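Report on the structure given below.
The values are calculated or read from the model by the stated rules, or taken from the named source; none is laboratory data. Just so it is clear, the model here is predicted, and its values are computed rather than measured. For neighbour counting, all protein chains shown are included, and Cβ atoms are generated from backbone atoms with ideal geometry for every residue, glycine included.
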């Protein structure tokens, strides 16, 4: 089955579930629909923003190959690396130089790291869904339509559907 067919079938099934609440009550339908769309848009938007950020990073060829994941888990501080450590006698070691070298290895907040973090979080793919989430919630609250007993469980439907759609988009 093609990706588009899988995404469409996921969305149709989840939307049919939401539409079934219209048979019960208009308030239930509005709460379920807004919650579903909000969480669906947030999950899919975040996935698209992340995918775009990863593709940009790979295309720019600034990515450095890191240690193997298993090595990182087993030896997070690189204690068993095969790099030779200064094997000079303790009397001949320059401790100030060693401390400076080790401090330089510690990653701190820099303009580059902050810029990279902001670039991923300020994407329109992420901001627009959150605006929809907040405005939808406020609109229902102001119009006395908000029913948290329906709204909160309906978020789960959008999260599940969004996760399935995002998984298909990622491939």
### Task
Restrict the check to the stretch 62-69 and report whether at least one residue is part of a helix (DSSP H, G or I) and either within 27 Å of the chain's Cα centre (by Cα) or at pLDDT 85 or above (or both).
yes
### Query
Where in the stretch 96-171 are there helices (runs of 4 or more DSSP H), lying fully within it, with 2 or more residues that are surrounded by 10 or more Cβ atoms within 10 Å (Cβ to Cβ), modelled with pLDDT of 80 or more and in contact with a helix residue (DSSP H, G or I) (Cβ under 9 Å, 6 or more places away or on another chain)?
124-142, 148-170
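Look at residue 38 and say whether it is under 18 Å from residue 134 (Cβ atoms), modelled with pLDDT of 85 or more and crowded, with 19+ Cβ neighbours inside 10 Å. Lay out the reasoning, then the answer.
Values: under 18 Å from residue 134 (Cβ atoms): yes; modelled with pLDDT of 85 or more: yes; crowded, with 19+ Cβ neighbours inside 10 Å: yes.
Against the criterion (under 18 Å from residue 134 (Cβ atoms), modelled with pLDDT of 85 or more and crowded, with 19+ Cβ neighbours inside 10 Å), residue 38 qualifies.
Matching residues to (1) under 27 Å from residue 145 (Cα atoms); (2) exposed (fewer than 14 other Cβ atoms within 10 Å of the Cβ); (3) in contact with a strand residue (DSSP E or B) (Cβ under 8 Å, 6 or more places away or on another chain):
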| site | (1), (2), (3) |
| --- | --- |
| 4 | no, yes, no |
| 12 | yes, yes, no |
| 16 | yes, yes, no |
| 20 | yes, yes, no |
| 25 | yes, yes, no |
| 30 | yes, no, no |
| 44 | yes, no, no |
| 60 | no, yes, no |
